[in-house]
Amino acid sequence: CDGPHRLFKWDGGEYAAIQEWKSSAAIKGGSDQTNVLGIWLQGETIRLYANSQLLAEYEDDMFDEGRFGLVIGADQTEGFEVFVDEVAYWILED
């Protein structure tokens, strides 16, 4: 609930971290907060955003294509609830 994030990839059998847990002031922590999250991919470049602010940029060449997903959970907060209102993606042409 205090807003850390991480990025990992899954090859169908194993998870591997691209970024281990990291905090950012751009992510609103605590109860009753709304965060808008985004990921931008082009070639080997991955950019993570929260609330219109760039969190980090990474390079990873493991996959040329695939799927994406969102994992949210808590192991220390009793009664933790998350509501995902919308998930969308766009394919941008050059």
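Give the stretch 49-83 a look and list any residue that's of a type in the set (D, E, K, R) and touching a residue at least 24 places away in the same chain (Cβ under 8 Å), or say none. Hit for the stretch 49-83 is D60, nothing else. Looking only at residues in the stretch 10-20 that are at pLDDT 90 or above, within 14 Å of the chain's Cα centre (by Cα) and not small (G, A, S), the one that is farthest from E59 (Cα to Cα) is E20. State yes or no: is T34 within 17 Å of the chain's Cα centre (by Cα) and closer than 19 Å to W10 by Cα? Criteria not met by T34.
Of all residues in the stretch 50-94, those satisfying the criterion of being under 27 Å from G12 (Cβ atoms), open to solvent by 70 Å² or more (accessible area, probe 1.4 Å) and not in a loop (DSSP other than H, G, I, E, B) are E57, E59. Scanning the stretch 1-49 for residues that are open to solvent by 70 Å² or more (accessible area, probe 1.4 Å), assigned to a strand (DSSP E or B) and among the β-branched types (V, I, T) gives a single hit, I39.
The values are calculated or read from the model by the stated rules, or taken from the named source; none is laboratory data. Since we're looking at a predicted model, the values are computed, not measured. Every residue, glycine as well, gets a Cβ built from its backbone with ideal geometry; the counts of neighbours run over all protein chains shown. What goes into the accessible areas is simple: the full protein's heavy atoms, side chains included, and nothing from ligands, DNA or RNA. Shrake-Rupley method; radii C 1.70, N 1.55, O 1.52, S 1.80 Å.
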